[in-house]
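Notes to accompany the following structure.
The values are calculated or read from the model by the stated rules, or taken from the named source; none is laboratory data. Fair warning: this is a prediction, and the values are worked out from it, not measured in the lab. Cβ placement follows ideal geometry from the backbone for every residue including glycine, while neighbour counts extend to all protein chains displayed. What goes into the accessible areas is simple: the full protein's heavy atoms, side chains included, and nothing from ligands, DNA or RNA. Shrake-Rupley method; radii C 1.70, N 1.55, O 1.52, S 1.80 Å.
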Amino acid sequence: MRVGFLGTGWIGRHRMQAMIETGAIEAVAYADPSDEMAAEAAQLAPRGKRVDGLDGLLNEGLDGIVIATPSALHAEQSIRALDSGVAVFCQKPLGRTAAEVRAVVEAARNADRLLGLDLSYRHTEAMRRIRALVQGGELGRVSAVDLVFHNAYGPGKSWFFDPAQSGGGCVIDLGVHLVDLALWALDFPDVADVQARLLAKGRPLGPGECEDYAVATLTLADGRVITLACSWNLPAGRDAIITASFYGEGQGAGFRNENGSFFDFTAERWRGTATEVLASPPDDWGGRAAADWARRLAAGERFSADAERFVDVADVLDRIYGR
């Protein structure tokens with residue numbers, strides 16, 4: 001499969017490498033305004049051609065395109081590619097609002113092209129094990145889910161702090177992964193109510209600000225509850241705190257990062273006060289979502305109804321933001 005790469009910063013190059021290593025695709029072209037980033041991409045894809053932006057890529061007869069550009073561009077660029085008959089793998093968020101995400105999914109459906117989104121935490125071995133327990137009914141009825149993603153740092157690019165460009169702050173940056181994990185593990189139940197508080201520097205969010213701390217409660221249609229807390233720049237004594245805990249009937253299971261790491265995760269099963277470790281580091285999961293999309297593309301897959309779930313997650317984020 002002939003694949004092009006739009007945006008070759010660290011994430012774009014990492015996903016390029018993961019796809020190339022599958023043997024399912026050839027990186028035939030790439031576009032980035034930075035000469036430095038383009039030069040790094042050339043090291044990974046020496047036979048690839050540097051072109052000028054999305055237009056240049058779409059002139060290369062691609063089967064698929066990987067989009068790793070600022071958030072404000074994701075929906076428009078994805079739709080243009082899909083309308084041109086090119087499959088898309090996009091960095092999160094797919095759009096700044098549920099309306100943008102819905103438009104991308106509709107474009108993929110109309111074009112009958114594969115649409116992938118880099119919801120990478122689904123592909124950790126730890127979270128796969130947790131979901132298998134939940135889906136297999138081994139925890140009984142899961143009545144509560146607690147989600148946490150605290151990041152000791154904030155984003156390094158100014159556009160992240162402009163809601164018109166980013167769609168929001170820590171919720172759309174970090175919380176999107178947590179909301180997706182909870183709904184994915186529970187098989188996307190109906191969310192009846194969403195209540196949230198968004199803060200910027202310890203104060204209620206003002207016009208034109210992005211939240212750096214957020215708490216939310218999602219009540220499902222059957223009464224079960226999901227709680228969410230996420231933040232940027234939290235002085236938590238470590239780089240990050242990332243957890244997803246699922247509580248059932250006398251049992252529970254949890255996904256958590258190790259020693260503040262952004263990359264090392266453990267899965268545990270809990271019976272009362274007893275703990276059983278289900279998965280532990282090392283686990284090279286970062287490029288699995290990209291590799292999976294590349295293999296599906298090479299296998300000839302086209303639009304999948306699974307992509308409609310991207311809208312479900314975006315709808316919850318809209319409700320957290322009061323949109």
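Taking 0.36 nm per residue of separation and subtracting the Cα-Cα distance, full extension of the segment from Asn110 to Thr273 would add 53.6 nm.
Of all the options Phe161, Phe310, Phe263, the one that moves most in a Gaussian network model of the chain with Cα springs shorter than 10 angstrom is Phe263. Site pair Lys157 and Ser261 shows an inter-label distance of 2.7 nm when each label is modelled 7 Å from Cα along Cα→Cβ. Computed extension gain for Leu73 through Ser143, at 0.36 nm per residue and net of the alpha carbon distance, reaches 21.4 nm. Accessible surface calculations at 1.4 Å, restricted to protein heavy atoms, place segment 125-283 at 45 Å² per residue. Each residue, Gln135 and Ser280, gets one label point 7 Å from its Cα in the Cβ direction; the gap between the two is 2.6 nm.
Helix 10-22 and the long axis of the chain differ in direction by around 80°, with both axes built from C-alpha atoms. Among rounded, prolate and oblate, which fits segment 195-323 when a ≥ b ≥ c are the square roots of the eigenvalues of its C-alpha gyration tensor, a/c under 1.5 means rounded, and a/b larger than b/c means prolate? Taking the square roots of the gyration eigenvalues as a ≥ b ≥ c, segment 195-323 is rounded.
Counting only protein heavy atoms and using a 1.4 Å probe, the accessible area of Ser143 comes to about 50 Å². Over the chain, the Kirkwood radius and the radius of gyration, each from Cα atoms, give a ratio Rg/Rh of 0.96. The relative contact order of segment 125-283 comes to 30 percent, based on Cα pairs under 8 Å that sit 6 or more residues apart.
Each listed q (0.13, 0.20 Å⁻¹) maps to a log10 I(q)/I(0) for segment 182-263, found by the Debye formula over equal Cα scatterers with no solvent: -0.56, -1.08. To put it simply, the accessible area of the chain at a 1.4 Å probe is 47 percent carbon and sulfur.
Summed over all non-identical Cα pairs, the Kirkwood treatment of segment 275-323 gives a radius of 14.2 Å.
Over the Cα atoms of segment 125-283, the radius of gyration divided by the Kirkwood radius equals 0.99; this is the Rg/Rh ratio. The long axis of helix 71-83 is offset from the longest Cα principal axis of the chain by roughly 60 degrees. Amide H to amide H, with H built 1.01 Å from N, Gly116 comes under 5 Å of Val88, Phe89, Cys90, counting only residues 5 or more places away or on other chains. Multiplying the residue separation of Ala99 and Ala236 by 0.36 nm and removing their Cα-Cα distance gives an extension gain of 45.8 nm. So what's the angle, to the nearest 10 degrees on a 0 to 90 scale, between helix 309-320 and the longest Cα principal axis of the chain? Tilt of helix 309-320: around 60 degrees. Most simply put, the chain has about 60% antiparallel DSSP beta bridges, counting only bridges with both residues inside it. Relative contact order for the chain: 20 percent, from Cα pairs under 8 Å spaced at least 6 residues apart, divided by residue count.
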